[in-house]
Amino acid sequence: MKFKHVWLSIILFILVSLLLPITVHADDNIVPKGTPSGDPFSVGKFVLVGGFTQQPVSLNTVSDKDYQLSFTAIKSLFDPWTDNVTASWYVSEDGQNWKKAQDDGNALSGNLKTRQHVDHVSTFYYQISVTIHGFWTSSVYWSKVAKVTISPQEVHATALSIAGESDTLPNANSENILATLTPANATDSIKWSVDNSQLATIDATSGKLTATSDLNQYGKVTVTATTSNGITASTVVYVGALQDKLVNEGSDASFIIKGFPKSAYVVGWYQIPPHGSDKPITNGPNASISASPDGMQNGMLTVKNTSASQTQTQYYAVIGFSGADQQTNTNKARLFVNPGGQLTLDAIPNFTFSKTDGTPLTVNNIVQGVTLGSVSNVSQGTSLTYDGNNQQLLSIYDPRVHSSGWSLTAAMATFTNTATQQPIGDKGGISLNLINDQNKSLATLKDDGQPVSVINATTPNTNVHSLLSGSTLTIGPPMRLTAGITLPPFLGH
């Protein structure tokens with residue numbers, strides 16, 4: 001890739017780099033010798049933001065015992081192209097007034113090894129500057145402040161907590177995991193480890209975590225710190241700027257890019273369907289692209305109204321950097337969609353009918369023709385089951401957000417004589433009018449066994465939970481009946 005070494009671009013990029021967020025893990029009332037520089041950032045072999053890949057790490061120790069602070073710095077593409085480098089250590093006993101402790105000469109890495117004699121718990125603060133000298137200008141990087149607490153004798157830790165500088169680490173980048181001991185001057189040493197060295201490695205002494213450069217490797221890494229007296233603490237860091245998403249069908253899925261510097265922005269988003277090829281994504285009914293919560297331009301992709309067929313679709317972004325020609329890809333994260341579930345007929349009613357005026361029903365009423373109203377028959381049971389309930393409840397559940405709808409049909413069989421089991425009257429002479437709790441007629445069934453459409457739901461995710469207690473049964477004359485009538489079951493399909 002060809003570079004454009006344009007001074008305006010260089011100046012703009014340096015200005016943006018200086019605006020990167022800074023985290024100083026020293027006391028709040030400390031005034032650093034120099035403002036700590038932002039973390040470095042690389043795209044492959046190209047260093048777009050210079051700085052310290054290894055910061056001097058705060059530590060606790062004992063009087064008259066040697067201790068060592070180390071650093072490693074890296075130059076960016078925009079720093080002077082020279083090997084003239086000066087590294088200088090500074091020390092402060094009060095966090096306000098500083099003096100030079102050591103020069104490391106022409107080096108981008110080095111150590112400060114020293115010891116102190118104390119009669120009481122004492123604190124020393126250290127900071128290193130690296131200056132890259134150029135013909136017209138120089139680049140200066142300042143480390144974070146390292147705090148060294150020295151006790152007259154050993155103090156064992158009673159508690160330990162750790163945290164990363166960020167919870168997300170893009171592939172091929174590094175960060176320091178920081179430990180906090182209780183009491184604050186505990187002198188136990190700390191060893192670091194990770195549970196998945198394929199995703200990231202960690203320096204066992206310093207806690208520097210480095211993510212794999214393989215974009216196919218990403219996910220959760222658990223970092224564990226163990227003190228020399230056996231206390232442990234863990235934290236989670238996600239390797240990869242994008243992580244897999246699991247959503248329920250019909251929900252939106254948002255992919256958010258994390259871990260890049262403020263100078264980064266998204267050039268474009270892409271998807272790879274299962275067994276498909278890369279396709280660009282644009283704003284539309286199926287997806288939206290917007291700024292991420294931390295302000296990254298186009299840093300969030302929202303896949304709308306997901307369907308089960310999108311499971312295993314991969315998503316990634318191409319990242320650009322203000323003031324630089326280089327671009328890089330994020331890792332490819334996958335979408336997993338839980339299917340919406342199955343359509344179920346949860347409750348279907350039994351009916352008991354009587355005269356609406358409250359008078360007893362007689363054979364003569366039936367012979368002459370009569371319309372009967374539905375009554376609740378709780379004495380026969382209250383179970384709301386598929387094969388009949390006595391509260392006249394009809395219940396249908398459809399969690400399928402991408403279905404084309406559903407339909408319910410019902411049929412009423414011919415009435416029979418309970419003694420002879422022979423049909424009663426003319427087929428079709430009896431009708432059941434199904435009326436819901438909004439007093440709307442859903443359908444009229446005749447006793448001819450013919451299916452009739454009761455409900456036709458044309459949109460997905462349509463549920464029904466309705467009492468059909470307003471339903472009526474009409475018996476039309478003439479009916480040739482003898483004693484003993486049974487109503488046929490209500491059939492749902």
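To the nearest 0.05, what FRET efficiency results for ASP83 and THR205 with a Förster distance of 45 Å applied to their C-beta separation?
Values: r = 29 Å, r/R0 = 0.63.
With R0 = 45 Å, the Cβ-Cβ based efficiency is 0.95.
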#### Entry: For the chain: relative contact order, % (alpha-carbon pairs under 8 angstrom, 6 or more apart)
10
### Task
Sum up the charges of everything whose Cβ sits under 15 Å from the Cβ of GLY38, counting Lys and Arg as +1 and Asp and Glu as -1, but leave GLY38 out.
-2
### Query
Could you give the length gained on full extension between ASP94 and ASP119, defined as 0.36 nm per residue of separation minus the Cα-Cα distance, in nm?
7.3 nm
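If I take R0 = 25 Å and measure r between the Cβ atoms of GLN450 and ASN365 in this structure, what FRET efficiency does the formula 1/(1 + (r/R0)^6) give, to the nearest 0.05?
Details: r = 26 Å, r/R0 = 1.06.
Computed FRET efficiency for GLN450 and ASN365 comes out at 0.40.
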### Summary
About its Cα centre, the chain carries a charge dipole, from +1 on Lys and Arg Cβ atoms and -1 on Asp and Glu Cβ atoms, whose size in debye to the nearest 20 is 880
### Task
Calculate how steeply helix 7-18 sits against the longest principal axis of the alpha-carbon atoms of the chain, using the helix alpha-carbon long axis, and give the answer as 0 to 90 degrees to the nearest 10.
70
#### Entry: Where only alpha carbons of the range 92-200 are counted, the Rg and the Dmax (Å)
17.6, 53
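Quick one: which of LYS220/LYS258; LYS100/LYS208; LYS33/LYS100 span more than 22 angstrom between C-alpha atoms? Before the final figure, lay out each step's value.
Numbers: LYS220/LYS258 14 Å; LYS100/LYS208 26 Å; LYS33/LYS100 10 Å.
The answer is LYS100/LYS208.
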### Query
Once fully extended, how much extra length lies between GLN68 and VAL236, figured as 0.36 nm per residue of separation less the alpha-carbon to alpha-carbon distance?
57.7 nm
#### Entry: Under 14 Å from the ILE272 label point (7 Å along Cα→beta-carbon), backbone N, the range 309-352
312-318, 329-335
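Relative to the compact-globule scaling 2.2 N^0.38 Å, provide the ratio for the alpha-carbon radius of gyration of the range 18-135.
Values: Rg = 15.5 Å, N = 118, 2.2 N^0.38 = 13.5 Å.
Against the compact-globule rule of thumb, the ratio is 1.15.
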### Summary
Along the range 48-56, Karplus-curve 3J(HN,Hα) (6.51, -1.76, 1.60; θ = phi - 60°) to the nearest Hz, with x for Gly and Pro, reads 8, 10, x, x, 9, 7, 10, 8, x
### Query
Rounded to the nearest 500 deg cm²/dmol, what is the calculated helix-only ellipticity per residue at 222 nm for the chain, with -39500 (n - 2.57) per DSSP H run of length n ≥ 4?
-1000 deg cm²/dmol
### Task
Using packing as a proxy for protection, rank 139-150, 83-94, 108-119, 160-171 so that the peptide with the highest average count of other Cβ atoms within 10 Å comes first.
139-150, 160-171, 83-94, 108-119
## Note on the structure
Summed over the other residues with a beta carbon less than 12 angstrom from that of GLY134, with K and R at +1 and D and E at -1, the charge totals -1
### Query
Residues with amide H under 5 Å of ASP104's amide H, sequence separation 5 or more or different chain, H placed in the peptide plane at 1.01 Å from N; which?
ALA87, SER88, TRP89
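Using the reciprocal of the averaged 1/r over all distinct C-alpha pairs, how large is the Kirkwood radius of the range 245-338 in Å?
Values: mean 1/r = 0.0737 Å⁻¹.
In the range 245-338 this quantity evaluates to 13.6 Å.
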### Query
For SER404 and THR458 in one chain, what is 0.36 nm times their gap in residues minus the Cα-Cα distance, to one decimal in nm?
18.8 nm
### Message
I want the local charge near ILE202. Using Cβ-Cβ distances under 11 Å, sum +1 for each Lys or Arg and -1 for each Asp or Glu among the other residues.
### Response
-1
### Message
I need the calculated FRET efficiency for the pair LYS262 and VAL375, taking r as the beta carbon distance and R₀ as 56 Å, to the nearest 0.05.
### Response
0.20
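Throughout, read-outs are computed from the coordinates displayed, never taken from laboratory work. Note that the structure is predicted; figures quoted are calculated from it, not measured. Because the Cβ atoms are built from the backbone with ideal geometry, glycine has one as well, and the counts that use them run over all protein chains shown.
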